[in-house]
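Remarks on the structure that follows.
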Amino acid sequence: MLLDKPGNKWSVLDFIEIGMKGMPGAALGGIDVTYRCNLRCRHCYFLKQHYHKELSIEEWLEKFEKMKAEGFPFMICGWIGGEPLLRKELIEEGRKYFKSNVVFTNGTIELPYWPDVAFSVSVHGTAEYHERITGVGPEVYQKIKRNVDRDDLDVVISFCVTRLNYKCIDAMLAEWSKTAVNGIAFEFYTPMKGENSELWLNWEERDRVIDHLVSLRKEYGDFIWITDRMYRLMKSDMAPGITAHCPFSKVGFSLDPMGRTKIPCQLGPEADCSRCGCILPFFSVLLTNRRLLIPEFAVSVTKRGVQAVSKYMHRHMPVRLHEA
Ligand code: SF4
Ligand code: SF4
């Protein structure tokens, strides 16, 4: 039975159907596994949402069964939070429902041997910068590195670019490209409405960083995880037009630790969509536009074979539904 099979659950037929009909609603999204986290990052939106309760595992499984009965597509799920590996048991059971799963972790807890999932590990800078953002010292940074430097797992680093850390992008690439991780996804900080914090890069600065990342892709290739096409959409002349009508609402779902729907996305109602730096809306543009989606798939087929196409969905899940 499909749900019992480890590893890939996508078939070529799935992709043909997506190519012909487009992505169904609620095709991808995130579940807040827990309200708890063992870090206190400066850019964290989740802690500002002040959750203090979570559904039990039994209640989540009941919810999934109900969703199944209602025809929920169970395609791509990001397991987020909080620190989701504080509650592995829920992911152990819950991930069986979805075709692709991505666990968004801060890397401080040893990664379980789950070869069927992708891990997105937040490391927002080299040791010194990581400490400025998370408050934890170099010994924790080295522990994270040991935890995630695994060639038996599919690991990508998630780097939330802010004013505090953009200067270490080159050093980050030089350091982490020597590890077993598959790449780094550089996204941008999304401020809350009215926020004028030191974290947000203005548009001009953000464009410069994007240009730099695109030029670094010539050297590092796909180790820089986000494609040129998606970075193009994130620039100042295009991004506000996209996020003003964020396409995530057409294809996404977001559930909080109590299993309630979050609006408009995992970042919650206070997020300033006009300055969104998450890959989610831009990735959703591809998912909701067959003219763009089919060439992206075609590139994957040509470059890496059909197996890689199934990995495409697995890996191109927005890598920062939250900023963990
Ligand atoms: S914060 Fe970003 S991802 Fe969330 S709804 Fe707004 S534009 Fe979309
Ligand atoms: S950003 Fe992630 S790791 Fe950091 S405090 Fe928030 S939930 Fe925890």
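Do we find that Gly259 is surrounded by fewer than 23 Cβ atoms within 10 Å (Cβ to Cβ) and in contact (Cβ under 8 Å) with a residue 40 or more places away in the chain in this structure?
Details: surrounded by fewer than 23 Cβ atoms within 10 Å (Cβ to Cβ): yes; in contact (Cβ under 8 Å) with a residue 40 or more places away in the chain: yes.
It is true that Gly259 is surrounded by fewer than 23 Cβ atoms within 10 Å (Cβ to Cβ) and in contact (Cβ under 8 Å) with a residue 40 or more places away in the chain.
Return the residue satisfying two criteria in turn: it lies in region 240-250 and is in contact (Cβ under 8 Å) with a residue 12 or more places away in the chain and surrounded by fewer than 23 Cβ atoms within 10 Å (Cβ to Cβ), and of such residues it is nearest to ligand 2 (Cβ to nearest atom).
As a first pass, look at region 240-250 and keep what is in contact (Cβ under 8 Å) with a residue 12 or more places away in the chain: 240, 242-244, 246-250.
Still in the list and also surrounded by fewer than 23 Cβ atoms within 10 Å (Cβ to Cβ): 240, 242, 244, 246-247, 249-250.
Numbers: Pro240: 25, Ile242: 24, Ala244: 26, Cys246: 21, Pro247: 24, Ser249: 23, Lys250: 26 Å.
For region 240-250, the residue satisfying everything is Cys246.
Looking at Ile169, Ile144 in this structure, which one is in a helix (DSSP H, G or I), under 17 Å from Cys44 (Cβ atoms) and either at pLDDT 95 or above or within 16 Å of ligand 1 (Cβ to nearest atom) (or both)? Give the steps one after another, and end with the answer.
Values: Ile169 fails: under 17 Å from Cys44 (Cβ atoms).
Selected residue: Ile144, the only one of Ile169, Ile144 that is in a helix (DSSP H, G or I), under 17 Å from Cys44 (Cβ atoms) and either at pLDDT 95 or above or within 16 Å of ligand 1 (Cβ to nearest atom) (or both).
Test Tyr97 against the criterion of being under 24 Å from Thr190 (Cα atoms) and in contact with a strand residue (DSSP E or B) (Cβ under 8 Å, 6 or more places away or on another chain), and give yes or no. Quick ask: steps written out before the conclusion?
Numbers: under 24 Å from Thr190 (Cα atoms): no; in contact with a strand residue (DSSP E or B) (Cβ under 8 Å, 6 or more places away or on another chain): yes.
Considered against the rule, which asks whether it is under 24 Å from Thr190 (Cα atoms) and in contact with a strand residue (DSSP E or B) (Cβ under 8 Å, 6 or more places away or on another chain), Tyr97 comes out as no.
Which one is nearest to Leu267 (Cα to Cα) among residues in region 195-213 that are outside any helix (DSSP H, G or I) and open to solvent by 70 Å² or more (accessible area, probe 1.4 Å)?
Within region 195-213, the subset outside any helix (DSSP H, G or I) is 195-202.
Narrowing the set further to residues that are open to solvent by 70 Å² or more (accessible area, probe 1.4 Å) leaves 196, 198.
Working: Asn196: 17, Glu198: 19 Å.
Looking at the filtered set, the residue picked out is Asn196.
Considering Leu39, Leu86, Leu13, Leu47, which residue is within 16 Å of ligand 2 (Cβ to nearest atom) and free of Cβ contacts under 8 Å to residues at least 40 places away in the same chain? Spell out the reasoning first.
On the way: Leu39 fails: free of Cβ contacts under 8 Å to residues at least 40 places away in the same chain; Leu86 fails: free of Cβ contacts under 8 Å to residues at least 40 places away in the same chain; Leu13 fails: within 16 Å of ligand 2 (Cβ to nearest atom).
Going through Leu39, Leu86, Leu13, Leu47 in turn, the sole match is Leu47.
Considering only region 3-29, state which residues are among the small types (Gly, Ala, Ser) and modelled with pLDDT under 75. Walk me through it before giving the result.
Kept after step one, since they are among the small types (Gly, Ala, Ser), are these residues of region 3-29: 7, 11, 19, 22, 25-27, 29.
Listed by number, the residues that qualify are Gly7, Gly19.
Cβ-Cβ distance below 7 Å, separation of 6 or more or different chains: which pairs start in region 268-282 with a residue that is touching a residue at least 12 places away in the same chain (Cβ under 8 Å) and at positive phi and end on one that is within 16 Å of ligand 2 (Cβ to nearest atom) and of a type in the set (D, E, K, R)?
Final answer for the pair search is Gly268/Lys262.
State all residues of region 262-275 that are crowded, with 21+ Cβ neighbours inside 10 Å and either within 16 Å of ligand 2 (Cβ to nearest atom) or in a loop (DSSP other than H, G, I, E, B) (or both); if no residue qualifies, say none.
First, the residues of region 262-275 that are crowded, with 21+ Cβ neighbours inside 10 Å: 265-267, 271, 275.
Correct list: Cys265, Gln266, Leu267, Ala271.
What is the number of the single condition among (1) farther than 17 Å from Thr190 by Cβ; (2) without any contact (Cβ under 8 Å) to a residue 40 or more places away in the chain that Pro264 does not meet?
(1)
Suppose the filter is near ligand 1 (Cβ under 9 Å from one of its atoms), within 17 Å of the chain's Cα centre (by Cα) and open to solvent by less than 30 Å² (accessible area, probe 1.4 Å); does Cys278 pass it?
Details: near ligand 1 (Cβ under 9 Å from one of its atoms): yes; within 17 Å of the chain's Cα centre (by Cα): yes; open to solvent by less than 30 Å² (accessible area, probe 1.4 Å): yes.
So Cys278 fits the description; yes.
Please report, ordered by residue number, the helices (runs of 4 or more DSSP H) entirely within region 1-118 with at least 3 residues that are crowded, with 18+ Cβ neighbours inside 10 Å and away from ligand 1 (no atom under 16 Å from the Cβ).
Counting at least 3 such residues, we get 88-94.
The values are calculated or read from the model by the stated rules, or taken from the named source; none is laboratory data. What you see is a predicted model, and the numbers here were worked out from it, not measured in a lab. Please note: Cβ atoms are built from the backbone with ideal geometry, for glycine as well, and neighbour counts cover all protein chains shown. Just the protein is used for accessible areas: all its heavy atoms, side chains included, with ligands, DNA and RNA removed. Shrake-Rupley method; radii C 1.70, N 1.55, O 1.52, S 1.80 Å.
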